[in-house]
């Protein structure tokens, strides 16, 4: 069973004396099995969602101005497994890009 730092949640290597992420001294901590189990469950259940704000903004701009580039940004965001927000906006950007392409093809 993996152990996690009680301070930052970083996974610890076996027999670690210090956390490689936050530097806390692990030797001075009192061994508490219940606390270890709690920390393991707590930090394993947390997921970090990346922001992807720049790609989202550029994707919308390109969806309106350069439809093919907008579709590329949309596909990029749609394939991000670390962010539900990015996937949602990736879908919207693809829809806007295709809509702008159809609009320009029909009316220009």
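Here are some notes:
- If the segment from residue 84 to residue 13 were pulled out straight at 0.36 nm per residue, it would be longer than the present Cα-Cα gap by 22.5 nm.
- Estimated at 0.36 nm per residue, the fully extended path between residue 69 and residue 95 surpasses their Cα-Cα distance by 8.1 nm.
- Taken over segment 53-107, the alpha-carbon convex hull comes to 49 cubic angstrom per residue.
Coordinate-derived values only; no laboratory data. As the structure is a computational prediction, the values presented were derived from the model and not from experiment.
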